[in-house]
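Undergrad: Please see the structure below; I have some questions.
Please treat every number below as a calculation from the coordinates, not as lab data. Note that the structure is predicted; figures quoted are calculated from it, not measured. All Cβ positions, even for glycine, are placed from backbone atoms using ideal geometry, and neighbour counts span all protein chains on display.
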Amino acid sequence: MKVVALDERLEKRFWNHVKEEELDYYFFIFDWRFRRDQTKIFLAMKDEKIEGLMLVYRDYVVQLRGNREAVKLLLGGLALEKVELQAPLDCGDIVLEKFSSPKIREHMMLMSLRRGEENIQITTVPIRLGVGDAQEVVELMRGADPAWWGETALESMQKSLQEAFWLGIKQDRKIVSAGMTRPVEFASNIGVAATQKDFRNRGYATSIVSALVEEILKTSQAAIIHVISDNAPAVRAYSKVGFKPYRTYLSIRT
């Protein structure tokens, strides 16, 4: 087995491989299509067959797919110390052998919803957010989940509010719940769904996710969302809208 960087010669083989299971390879497809200048993809190949893939986005975010032999080989060539990494559960011991003391270690569940499976439940109508809301959204995310979003930067949030579709719910003129997606035709990921702790259990997350799903299904055949497996309230909220468990990964941040 050998590791090679994705190039024009291997493009057709890459696309044939990832399109067999688009949801599992969502970030490979999205980043290679829309963020190629910041993305590297490496293939573990045996007799011209793809056995595994590794995506490296902005020299920090790493996605691994494939069998154990392929994942071990791909990780062997990864020279980053600071990573946010997702890998198949059955390769967890291989990942933790390389990154033995991650700051965060979770089981991350990918949930999916196909067109026709949605159960839209909007009890509070969200509003569209813009660049002027960036500071409030940053504060909301940092407070909602300091471990994952504690380092969210204002500049990157301003850019996201320009490029993505953000919705929010306000109480007393303050944003207390927010979510975002970037609709694309094959599937769309809800990348953020956050609610202030004092405003949970009021149906805000369900309303935000429902409204995002409505927007997604105007363009896409499917919606996906990632949630920490043991976050029961979030799983319940997404399930109400029609999301079902699809796959679970090991997720770490060093």
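Undergrad: Placing +1 on the Cβ of each Lys and Arg and -1 on the Cβ of each Asp and Glu in the chain, which of PHE14, PRO102, GLN221 has its Cα farthest towards the positive end of the resulting dipole?
TA: GLN221
Undergrad: Ok, one more. How are the Cα pair distances of the chain distributed, in percent, across 5 Å bins from 0?
TA: Binned Cα distances yield the sequence 1, 6, 13, 17, 18, 17, 13, 8, 4, 2, 0, 0, 0.
Undergrad: Per-residue ellipticity at 222 nm for the chain, helices alone: DSSP H runs ≥ 4 residues times -39500 (n - 2.57), over residue total, nearest 500 deg cm²/dmol?
TA: My calculation for the chain gives -9000 deg cm²/dmol from helical runs alone.
Undergrad: If you place +1 on the Cβ of every Lys and Arg and -1 on the Cβ of every Asp and Glu, how big does the dipole about the Cα centre of segment 113-248 come out, in debye to the nearest 20? Please report the intermediate quantities before stating the final value.
TA: Details: 17 positive and 15 negative charges, 76 e Å.
Charge dipole of segment 113-248: 360 debye, to the nearest 20.
Undergrad: Separate question: Which order do THR219, THR195, THR39 fall in if you start with the one that has the fewest other Cβ atoms within 10 Å? List each step's numbers first, then the result.
TA: Working: THR219 15, THR195 25, THR39 19.
If I rank by nearby Cβ atoms, fewest first, I get THR219, THR39, THR195.
Undergrad: Scan around THR248 for amide H atoms under 5 Å from its own, H built in the peptide plane at 1.01 Å from N, and keep only partners 5 or more places away or cross-chain.
TA: LEU110
Undergrad: Divide the volume of the convex hull of the Cα atoms of segment 40-185 by its number of residues and quote the answer in cubic angstrom per residue. Present the calculation step by step, with values, prior to reporting the outcome.
TA: Numbers: hull volume 23.7 nm³, N = 146.
Cα-based convex hull of segment 40-185, divided per residue, equals 162 Å³.
Undergrad: OK, next. Provide the FRET efficiency to the nearest 0.05 for the LEU154-LYS12 pair, computing r from the beta carbons and using R0 = 41 Å. Please report the intermediate quantities before stating the final value.
TA: Details: r = 41 Å, r/R0 = 1.00.
Efficiency at R0 = 41 Å is approximately 0.50.
Undergrad: State which entries of LYS2/LYS40; LYS49/LYS244; LYS174/LYS218; LYS103/LYS174 exceed 24 angstrom in Cα-Cα distance in the structure shown.
TA: Details: LYS2/LYS40 16 Å; LYS49/LYS244 31 Å; LYS174/LYS218 29 Å; LYS103/LYS174 31 Å.
Listed pairs above 24 Å: LYS49/LYS244; LYS174/LYS218; LYS103/LYS174.
Undergrad: Given +1 on the Cβ of Lys and Arg, -1 on the Cβ of Asp and Glu, and no further charges, what dipole in debye does the chain carry about its Cα centre, rounded to the nearest 20? Provide the component values of the computation, followed by the final result.
TA: On the way: 37 positive and 35 negative charges, 53 e Å.
So the magnitude is around 260 debye.
Undergrad: ALA44: net charge of surrounding residues, Cβ under 13 Å, Lys/Arg +1, Asp/Glu -1, itself excluded? Before the final figure, lay out each step's value.
TA: Values: positive: LYS2, ARG13, LYS46, LYS49, ARG65, ARG68, LYS72; negative: ASP47, GLU48, GLU51, GLU69.
It works out to a net charge of +3.
Undergrad: How charged is the neighbourhood of GLY191? Take every other residue with its Cβ under 14 Å from the Cβ of GLY191, and add Lys/Arg as +1 and Asp/Glu as -1. Please report the intermediate quantities before stating the final value.
TA: On the way: positive: ARG35, LYS159, ARG182; negative: ASP31, GLU84, ASP145, GLU163, GLU215.
Around GLY191, the charge tally is -2.
Undergrad: Of all GluC sites (Glu not before Pro) in segment 126-229, which ones are in loop regions per DSSP and have a Cβ with at most 15 other Cβ atoms within 10 Å? Before the final figure, lay out each step's value.
TA: Details: sites: GLU136, GLU139, GLU151, GLU155, GLU163, GLU185, GLU214, GLU215; in loops: GLU151, GLU185.
For GluC sites (Glu not before Pro) across segment 126-229 that sit outside H, G, I, E and B with at most 15 neighbouring Cβ atoms in 10 Å, the list reads GLU151, GLU185.
Undergrad: Taking segment 169-254, which trypsin sites (Lys or Arg not before Pro) meet the DSSP loop condition and have no more than 12 other C-beta atoms within 10 Å?
TA: On the way: sites: LYS170, ARG173, LYS174, LYS197, ARG200, ARG202, LYS218, ARG236, LYS240, ARG247, ARG253; in loops: ARG173, ARG200, ARG202, LYS218.
Those that pass, being in a loop and sparsely packed, are ARG173, LYS218.
Undergrad: Taking 41 Å as R0, compute the FRET efficiency from the Cβ-Cβ separation of MET1 and LYS218 and round it to 0.05. Before the final figure, lay out each step's value.
TA: Numbers: r = 42 Å, r/R0 = 1.04.
That pair, MET1 with LYS218, gives E of 0.45.
Undergrad: Got a sec to turn the phi values of segment 99-110 into Karplus ³J(HN,Hα) couplings, 6.51 cos²θ - 1.76 cosθ + 1.60 with θ = phi - 60°, whole Hz, x for Gly and Pro?
TA: 10, 6, 10, x, 5, 10, 9, 9, 9, 9, 9, 8
Undergrad: Hey, another quick one. Taking the Cα centre as origin and putting +1 on Lys and Arg beta-carbons and -1 on Asp and Glu beta-carbons, what dipole magnitude results for segment 43-109, to the nearest 20 debye? Can you show the working numbers first?
TA: Working: 10 positive and 11 negative charges, 29 e Å.
Its charge dipole is roughly 140 debye.
Undergrad: Cut-off is 10 Å between beta-carbons; in what order do SER160, SER251 appear when sorted fewest neighbours first?
TA: SER160, SER251
Undergrad: Given C-alpha coordinates of segment 2-100, what is the ratio Rg to Rh with the Kirkwood estimate of Rh? Walk me through the numbers before you get to the answer.
TA: Values: Rg = 12.5 Å, Rh = 13.5 Å.
Ratio of gyration radius to Kirkwood radius for segment 2-100: 0.93.
Undergrad: Would you work out the relative contact order for segment 113-248, in percent, from Cα pairs under 8 angstrom that are 6 or more residues apart? Let's see the in-between values first.
TA: Details: 240 pairs, mean separation 41.2, N = 136.
For segment 113-248, the relative contact order is 30 percent.
Undergrad: Give me, ordered by chain and number, the residues 5 or more places off GLN121 or on other chains with an amide H under 5 Å from its own placed amide H.
TA: SER210
Undergrad: Can you give me the long-range amide H partners of GLN221? Hydrogens built in the peptide plane at 1.01 Å from N, cutoff under 5 Å, separation of 5 or more residues or another chain.
TA: Result for GLN221 returns ALA187.
Undergrad: Tell me the Rg and the Dmax, in Å, that the Cα atoms of segment 113-248 produce.
TA: Gyration radius and largest Cα-Cα distance of segment 113-248: 13.9, 39 Å.
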